[in-house]
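Everything below concerns the one structure shown next.
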Amino acid sequence: MNVNADEESKAFVKSFDFLPWPLDEEALFTIKFGRLSPTLLDVSHTLNAMAEERRQITHYDPKEDISLEQYAEFALVHWDKDDPLKDMLLASFGAYPDPNEIHRDYEGFIRANLLPFCYTARKDQPILASLLSKETPSSLTDQNLTWDRVPGGATIGFYVGSAQNFDDLVNFWNLRASGVNVIFLDPDHADRLALLRDNFTEHIAQVQSRVRETDRTIAVWSQSQDATMRLKFAHDLVPYFNQVEGLNILSDNRLPPLHYIAERRLLGVLSEHFGKPTIAFQLPEKPFPIEDPLDLNDQHFVVSISRITTMSDDPHTFWTPFLPEMNRWIGRQLRMDSKEVRAELDGFGIICPITEEHLHIYSIQKLELTKRLFEIAGISAQSSHPGRIATRLISQLGGLQGCRVLKLAGVRRLIKEHGALQEFGWAKAIGTIASGTEEVPQPNFSEYEDLYIETRSMTSKLTPVDVFHYLLSKGVFRPGLTLKCPMCELAFWVQLDDVSTQAECAYCGNRFNCTRQLGKDPWQYRKSGLFGLDNNQEGSVPVALTLQQLDTHLHRSSSNLLITNLKLAKGPKSPECETDLFVAVQEHDRVSIAVGECKDAKGEITAEDVRNMMAVADAFPRDHFDSFVIFAKTGAFTQAEVDRCKQTQLASGRSRVIMLSDRELEPYFFYERAGKEFEMDTTVISLDNLAHSTSQLYFYPKPKMPAHG
Ligand SMILES: [Zn+2]
C-alpha cells in the first residue's frame, strides 16, 4: 500500500502543517545521473569512515582460533518471513531495503568492506547475546552523535510488551529514539529472548556499579502489569515498572535529546539587508568527508544555530521562542523560506544542502515577534505612543542598562519636579540627587554608593556629582545661562552651545556684552530632549526601570524579549487595553510571558488594571505558555493594592502575580533590602521566582525576628 495516498495518513500529515517537508521534491531518494541518490544525509559517510578504519588494521584470518561471531564488529541480522519476532528484530537491529527498490546497496557495502557477522534468527532458538555488542544498521544511525542534553530519568532498561502489538513496537522505538538504551522483552517469547535479557541485565549492573552506589534498580516500561509480572523480575532489581498509557511513552516530562554530529563556535559578520540586520557566517569544515560533491549535493542536513547574542534594547533579535507551530513564520523571517526552518529548544535549525559553504540569517523585529505571540493569544497588538516614547527614552540613556541611573529616587524626583522651561542651579541638582526633597525623602545616598551607572574604579564609591554628570552627558539636562537684556529688561535662556560674549536678546534683538552678569556660579540647568516634554514622558520612567531590573536578572538574556508599552485590541477573552511592558523568556521547553502596569510613586494599581492584565495573561494558551502579570511602582504599594493583587492570585489558583516596588527596583538585586526584613527566597533568575517571592513578601509576609543582643 502506498501510505502517501491513504486518506488517514494524509490527514495525519496535514495535522503537522508546521513541519513541512523541507525540500522541493517530496522524496527520500531522487534520480541523479541515472541512479537514485538520498536527499537527506545518510549513513554512507559513517560506513565509509568505518571501512577506511578497517583497511588500516590487520585482516581477519579465519584459520585463527577465533570465530567471526566473536571477532566481527558489525552484525547483520536476518529472519524468516514468518518469524513472530520479525518486527521486534527489525526495530531492535535494523535492516536495509532491497537494493532493487532504492538502488543503493548498503548491505552489499557492509559485506564487502566491514566483514560482518551475518546471523539469521531461528524460530526455535534463542537470539544470540553477542549481537548486543556489535554495530548494526540500527546502531549505525547514532554512531558518533552527541546528545545536547541528558534525557530526564533512567537511560537504560527494558521495554515489556507483545512483539505482535503495534503500539508496543512504536513505544519501544520512541523510547530508543529518545536516547534510552532498551531491550524489548515479550513474555510469550521469553525463551528466545532469555540470552538477550540475561546479558543486558549484567550490562546494566556493570553500568550502574560505575555511576551510582544506591538505587541500583532496573527501569522497566510497559503498557501491561500482567506482562511485566510474567517475566518474574527480582523484586529488589525491579521494585516497580513505568506504566505507559497507550502511546504516551514521553509523558514523564522526558525531553528527548537532540542528536548532533559536532558543535562549533563561529564568528558572524553583521550587515544590513533589506533594512534588517543580517548575520552571515562561513560554515566550518564538515565533520564528514564530501568526496563526491556531484553525487552528494542533493543531500541535506540540519545546521542548528543557538545563542546569537544581541543587546537587550536592540529593536531586532535572532531569538526564536520554542514554539514549533511558528516554524513557517520564523522561517520566512530568518530565511525568507517557510519550509526549511525548525524551532529548537535553544535556537533554531536550518535544513540545508551538505555542500553549503555559508549561511546568512535575517534578524526579526522584536515588535513583529511580539505581535505574533499575541496573535497566538487571539489579541492584536500595536505599538503605542507611550511605547515609542519609552523606547526613545531608554535609547537616550544608552540602553536598558543605562537606565540604572533611574534607580536613584533623587534622579526621578529631579526629572519629575521641573518643567521644561524651569531652570535650576548646581546646588539644587546635587542636593536633590543626594537626599531627595523634604516632602519625599529618598533612602540615604549610601544605599546607592555601590551602584555602577557607568565604568568607574572598583574601589571608589558613587557620588551625587557622578550621577549629575552622567545625566548631563546623556542630554537629560543641558547647561545654560539666564541673561537679562539691559534694553527691554526681560530674562531669557541661552544654552551652553550658543553662549558668546556678545549676547543677543531673544526678545528685542539687542546685542550686549554679557560678562557683567556672570557671578561665581552662573550655570543653570534645564531638562532637554525627550525629558523636556511636559508630559511626564507618558510614564516611561517606571517602565524603563522595571525592564532594566528584569534584563539584569532574568537568565540567558540572549533568549528573551523585553518590549515597552503596547496597545491591545479586544480579544475573544480579553478587553481592549494597554500593557506597559511585555516580557517573553524561554524556560526549558516552555515560554514564560508577562504583561503589566508600571506606575510612578503617586500612581495607583486599580482594580481595572488588575482585571485587564489578568485577562490578557489568561488569553495565552497554557499548553505552551506560563503567563505572569507584573505590577511595578516607583513607590510603596498601599494595602488596598496588595489586597487587590492577592485576591486575584487566590482566584487564579496559581502563583503568577509579580509586585515590584521601589524597594525591589532600586537595589542591584530585587530582594537585597526586603530580604533583610522578611523570611523569603531572594534568588531570582525567572519570572516564576519573582511570583513566588512576591507571594512570600506581600501576601504572606513573615518579618524576621530581631536578633538579640
Ligand atoms: Zn531685549
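Pairs, please: C-beta under 6 Å, at least 6 apart or cross-chain, first residue over 28 Å from Ile605 (Cα atoms) and in the stretch 579-593, second assigned to a strand (DSSP E or B)?
If the second residue must be assigned to a strand (DSSP E or B), the pairs left are Arg590/Asp626.
Name the one entry in Leu373, Leu369, Leu400 that is touching a helix residue (DSSP H, G or I) at 6+ places or on another chain (Cβ under 6 Å) and either among the aromatic types (Phe, Trp, Tyr) or buried (at least 20 other Cβ atoms within 10 Å of the Cβ) (or both).
Only one candidate qualifies: Leu400.
Determine which single condition Val467 fails, assuming it passes every other condition in (1) more than 23 Å from Arg673 (Cβ to Cβ); (2) more than 16 Å from the ligand (Cβ to nearest atom); (3) at pLDDT 90 or above.
Looking at each condition in turn, Val467 falls short on (1).
Read through the list (1) of a type in the set (Gly, Ala, Ser); (2) part of a loop (DSSP other than H, G, I, E, B); (3) more than 14 Å from the ligand (Cβ to nearest atom); (4) at pLDDT 90 or above, then give the number of the only condition that Gly480 fails.
Gly480 satisfies all of (1) of a type in the set (Gly, Ala, Ser); (2) part of a loop (DSSP other than H, G, I, E, B); (3) more than 14 Å from the ligand (Cβ to nearest atom); (4) at pLDDT 90 or above except (2).
Name the residues in the stretch 463-477 that are in a loop (DSSP other than H, G, I, E, B) and either surrounded by fewer than 13 Cβ atoms within 10 Å (Cβ to Cβ) or without any contact (Cβ under 8 Å) to a residue 24 or more places away in the chain (or both), would you?
Scanning the stretch 463-477 gives a single hit, Thr463.
How many of the residues making up the stretch 1-37 are within 36 Å of the chain's Cα centre (by Cα), surrounded by 12 or more Cβ atoms within 10 Å (Cβ to Cβ) and either assigned by TED's automatic domain parsing to the domain that holds Pro137 or of a type in the set (S, T, N, Q) (or both)?
1
Conditions first: (1) among the aliphatic types (A, V, I, L, M); (2) within 14 Å of Leu406 (Cβ to Cβ); (3) within 16 Å of the ligand (Cβ to nearest atom). Leu547 passes all but one, so which condition is the exception?
(3)
For the stretch 651-671, name all the residues that are over 20 Å from Asp681 (Cβ atoms) and free of Cβ contacts under 8 Å to residues at least 12 places away in the same chain.
If the condition is that a residue be over 20 Å from Asp681 (Cβ atoms) and free of Cβ contacts under 8 Å to residues at least 12 places away in the same chain, then Ala651, Gly653 are the ones that fit.
Taking the stated definitions as given, is Pro99 touching a residue at least 12 places away in the same chain (Cβ under 8 Å), more than 30 Å from Tyr240 (Cβ to Cβ) and in contact with a Gly (Cβ under 7 Å, 6 or more places away or on another chain)?
When the stated conditions are applied, Pro99 does not pass them.
Ser473 - would you say it is away from the ligand (no atom under 16 Å from the Cβ) and at pLDDT below 90?
no
Report, by residue number, each residue of the stretch 581-607 that is β-branched (Val, Ile, Thr) and assigned to a strand (DSSP E or B).
Within the stretch 581-607, Val583, Val585, Val591, Ile593, Val595 qualify.
Which residue pairs have Cβ atoms under 9 Å apart, sit 6 or more places apart or on different chains, and have a first residue in the stretch 450-462 that is without any contact (Cβ under 8 Å) to a residue 40 or more places away in the chain and surrounded by fewer than 15 Cβ atoms within 10 Å (Cβ to Cβ) and a second that is of a type in the set (Gly, Ala, Ser) and not in a loop (DSSP other than H, G, I, E, B)?
That search, which allows pairs on different chains as well, returns Lys461/Ser446.
When the residues of the stretch 499-531 are filtered to those that are in a helix (DSSP H, G or I) and over 16 Å from Ala390 (Cβ atoms), which remaining residue is nearest to the ligand (Cβ to nearest atom)?
My answer is Gln517.
All but one of (1) more than 16 Å from the ligand (Cβ to nearest atom); (2) surrounded by 17 or more Cβ atoms within 10 Å (Cβ to Cβ) hold for Lys602; state the number of the condition that does not hold.
Against the list (1) more than 16 Å from the ligand (Cβ to nearest atom); (2) surrounded by 17 or more Cβ atoms within 10 Å (Cβ to Cβ), Lys602 comes up short only on (2).
It is to be established whether one or more residues within the stretch 386-409 are touching a strand residue (DSSP E or B) at 6+ places or on another chain (Cβ under 8 Å) and more than 30 Å from Leu471 (Cα to Cα).
No - not one qualifying residue is present in the stretch 386-409.
Looking at the stretch 363-370, can you tell me whether even one residue there is closer than 26 Å to Leu255 by Cβ, in a strand (DSSP E or B) and in contact (Cβ under 8 Å) with a residue 12 or more places away in the chain?
Here is the first cut: in the stretch 363-370, the ones closer than 26 Å to Leu255 by Cβ are 364, 369.
Those still in the list that are in a strand (DSSP E or B) too: 364.
Then drop every residue that is not in contact (Cβ under 8 Å) with a residue 12 or more places away in the chain, which leaves 364.
For the stretch 363-370, residues closer than 26 Å to Leu255 by Cβ, in a strand (DSSP E or B) and in contact (Cβ under 8 Å) with a residue 12 or more places away in the chain: present.
Collect the residues in the stretch 625-679 that are part of a loop (DSSP other than H, G, I, E, B), among the small types (Gly, Ala, Ser) and within 12 Å of Ala691 (Cβ to Cβ), keeping them in residue-number order.
Ser655
Can you find, within the stretch 680-697, the residue that is farthest from the chain's Cα centre (by Cα) among those that are of a type in the set (S, T, N, Q) and not in a loop (DSSP other than H, G, I, E, B)?
Here the answer is Gln696.
Which of the residues spanning the stretch 483-498 are outside any strand (DSSP E or B) and more than 13 Å from the ligand (Cβ to nearest atom)?
Result: Leu496, Asp497, Asp498.
Here is a list: Ile379, Ile330. Which entry is under 24 Å from the mean Cα position of the chain (by Cα) and assigned to a loop (DSSP other than H, G, I, E, B)? Let's see the steps before the verdict.
On the way: Ile330 fails: assigned to a loop (DSSP other than H, G, I, E, B).
Step by step, each of Ile379, Ile330 is checked, and only Ile379 is under 24 Å from the mean Cα position of the chain (by Cα) and assigned to a loop (DSSP other than H, G, I, E, B).
Pairs please, first residue from the stretch 532-547 and surrounded by 22 or more Cβ atoms within 10 Å (Cβ to Cβ), second anywhere and in a helix (DSSP H, G or I) and at pLDDT below 70, Cβ atoms under 7 Å, 6+ apart in sequence or on different chains.
none
The values are calculated or read from the model by the stated rules, or taken from the named source; none is laboratory data. As the structure is a computational prediction, the values presented were derived from the model and not from experiment. Note: ideal-geometry Cβ built from the backbone for every residue, glycine included; neighbour counts use all protein chains shown.
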